[in-house]
1. Quick one: if you stick a label point 7 Å off each Cα along the C-beta vector at Asp304 and Glu207, how many nm between them?
2. Tyr120: net charge of surrounding residues, Cβ under 9 Å, Lys/Arg +1, Asp/Glu -1, itself excluded?
3. Compute the Cα gyration tensor for the chain, then decide on rounded, prolate or oblate, letting a ≥ b ≥ c be the square roots of its eigenvalues: rounded whenever a/c is under 1.5, prolate when a/b is larger than b/c in the other cases, and oblate in all that remain.
4. Measure nothing but the geometry: give the 0 to 90° angle between the long axis through the Cα atoms of 3-15 and the longest principal axis through the Cα atoms of the chain, rounded to 10°.
5. What are the lysines whose alpha-carbon lies under 17 Å from the alpha-carbon of Lys283, with same-chain residues fewer than 8 places away excluded?
6. With axes computed from alpha carbons, what is the tilt in degrees of helix 89-106 against the longest principal axis of the chain, rounded to the nearest 10 within 0 to 90?
7. Note the angle between two axes, namely the Cα long axis of helix 302-315 and the longest principal axis of the Cα atoms of the chain, as a number of degrees from 0 to 90, rounded to the nearest 10.
8. Answer with one residue from Ser226, Ala190, Thr269: the one whose Cα lies farthest towards the positive end of the charge dipole of the chain, charges on Cβ with Lys, Arg +1 and Asp, Glu -1.
Amino acid sequence: MAVHHVHDKFFKAVFSQPDVAAALIENLFPAELTAVLQLESLELTADSYVDDDLNAHFADLVYRCQLQNTGPVQIALILEHKSYPEPQIHFQLLRYMLNHWQQNLKADEPPMPLIPVVIYHGRSRWQYTSLESQLTSQHLALSRYVPEFDYILVDLSLLPDEQIATFTNQFLRLSTMLMKYESKRKRYDALIHKQIAEWLSLMGAEEQSRLIEPIARYIFETSGLSAAEIIAILTPVSPQSQTEIMTAADQIRAQVRRETTEVVRRETTEAVRRETNKAVAKKLAMSGMPIDQIAGILELPLADVLKLIAANSNHG
């Protein structure tokens with residue numbers, strides 16, 4: 001399973017809950033922005049502006065929210081896949097925003113403002129630079145021809161633990177700590193074995209039930225602990241957690257089996273294709289057909305065809 005898929009799933013499990021998204025906004029957005037956002041109107045949409053080219057970089061969740069005395073705005077929570085800073089993030093975000101506005105226009109809607117929020121949890125520090133500073137020429141006379149915009153950066157690796165501890169939303173607090181320390185093995189192990197159970201014990205049964213499955217799944221996929229070990233950590237706090245943890249573990253094992261089966265299928269198909277090409281190359285070479293024509297028929301480089309024929313000769 002690709003590493004970024006693990007983080008994608010946890011990111012979406014956490015931030016697809018409006019109360020968690022609202023807590024993120026309240027705690028980490030600039031004060032002048034939160035002052036005009038009517039967070040009681042915050043609503044998750046089914047929209048996504050990640051296209052095929054952006055899929056390797058981002059996962060997104062898009063919320064709609066009313067601004068005071070004006071119209072709505074969309075807030076895009078964007079998880080940066082890479083574990084290192086992206087120096088040219090503006091170009092990817094610009095493509096993302098254009099995708100959003102193009103969808104507006106196709107639906108005969110006026111273009112809606114979009115606030116991009118980049119969530120990053122890599123080890124290296126993210127250095128913010130403006131789009132203009134990345135261009136070869138920065139003369140003042142050119143400024144009006146350069147699209148300049150900003151984005152909100154949530155660098156989890158730089159959030160102090162003391163600040164995270166002040167988050168009133170327990171799910172936001174817990175998930176932020178997990179994502180912050182996932183790549184720091186010693187600290188991550190201590191977090192799982194000591195702090196998680198303590199924090200869960202402060203929650204009510206309903207909130208525990210909502211958090212156990214995605215937290216258990218994320219720990220299962222990132223820590224190397226077995227389902228039994230995770231049950232031993234969480235069950236004393238939340239007796240009902242055993243069912244959720246086993247369900248998460250079963251689903252992960254099933255996903256691994258499906259992916260393994262697909263890999264085997266692809267490898268088998270490739271092996272059959274190679275053997276077929278070898279037989280065809282041999283037959284055509286024996287008929288006296290020039291090597292370059294055989295390469296054209298098989299749609300293979302000339303060097304590969306020569307290797308196939310040589311392999312046939314060695315086995316013949």
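The values are calculated or read from the model by the stated rules, or taken from the named source; none is laboratory data. All of these numbers come straight from a predicted model, not from anything done at the bench. Using ideal geometry, Cβ is built from the backbone for each residue, glycine included, and neighbour counts are taken over all protein chains shown. Remember, those area values only see protein heavy atoms, side chains included, never the ligands or the DNA or RNA. Shrake-Rupley method; radii C 1.70, N 1.55, O 1.52, S 1.80 Å.
1. Between Asp304 and Glu207, the label points sit 5.8 nm apart.
2. Details: positive: Lys82; negative: Glu80, Glu86, Asp155.
Once all neighbours under 9 Å are counted, the net charge is -2.
3. On the way: a/c = 2.52, a/b = 1.40, b/c = 1.80.
It is oblate, given that a/c is not under 1.5 and a/b is not larger than b/c.
4. Approximately 30 degrees, to the nearest 10.
5. Candidates past the 8-residue exclusion: Lys307.
6. The angle comes out near 80 degrees.
7. That works out to roughly 60 degrees.
8. Thr269
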